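The values are calculated or read from the model by the stated rules, or taken from the named source; none is laboratory data. Values in this document were obtained by computation on a predicted structure and should not be read as measured data. Positions of Cβ are backbone-derived with ideal geometry, glycine not excepted, and every protein chain shown enters the neighbour counts.
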Amino acid sequence: MCLCLVCFQANWEPNFEPYVVVPRNVSRYDPRFVGFGWNKVSHIVELHAQGCEFIVLPNVFMIHLPHAPSLDIVRFRSSNNLRR
């Protein structure tokens, strides 16, 4: 296990989809996104375009609780047309 003691910068790259903690005045998700897909990627692209830096904090964790797949992800995974 690596215990990081200092913050470090993470460089943006296509399809980068981290969970982020940002101040309230930072651009929010585009409200037109509903269901599954690309909301976090789009948000991170917007933050990158605005010149935001992505900093990894040492010994800080977020927990993503498992949940059943949404109907939208089931449709996406089963449709060749949607995955193009």
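Just a yes or no: is a residue in the range 34-46 of a type outside the set (A, V, I, L, M, F, W, C) and touching a Ser or Thr at 6+ places or on another chain (Cβ under 6 Å)? So that I can check it myself, show each step before the final result.
Residues of the range 34-46 of a type outside the set (A, V, I, L, M, F, W, C): 35, 37, 39-40, 42-43, 46.
Right, trim to touching a Ser or Thr at 6+ places or on another chain (Cβ under 6 Å) and you get 46.
Scanning the range 34-46 turns up at least one residue that is of a type outside the set (A, V, I, L, M, F, W, C) and touching a Ser or Thr at 6+ places or on another chain (Cβ under 6 Å).
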Test of understanding: among 15, 25, 59, 11, which residue is among the polar types (S, T, N, Q) and at pLDDT below 80?
15
Does any residue of the range 37-51 turn out to be of a type in the set (Phe, Trp, Tyr), surrounded by 10 or more Cβ atoms within 10 Å (Cβ to Cβ) and at pLDDT 80 or above?
no
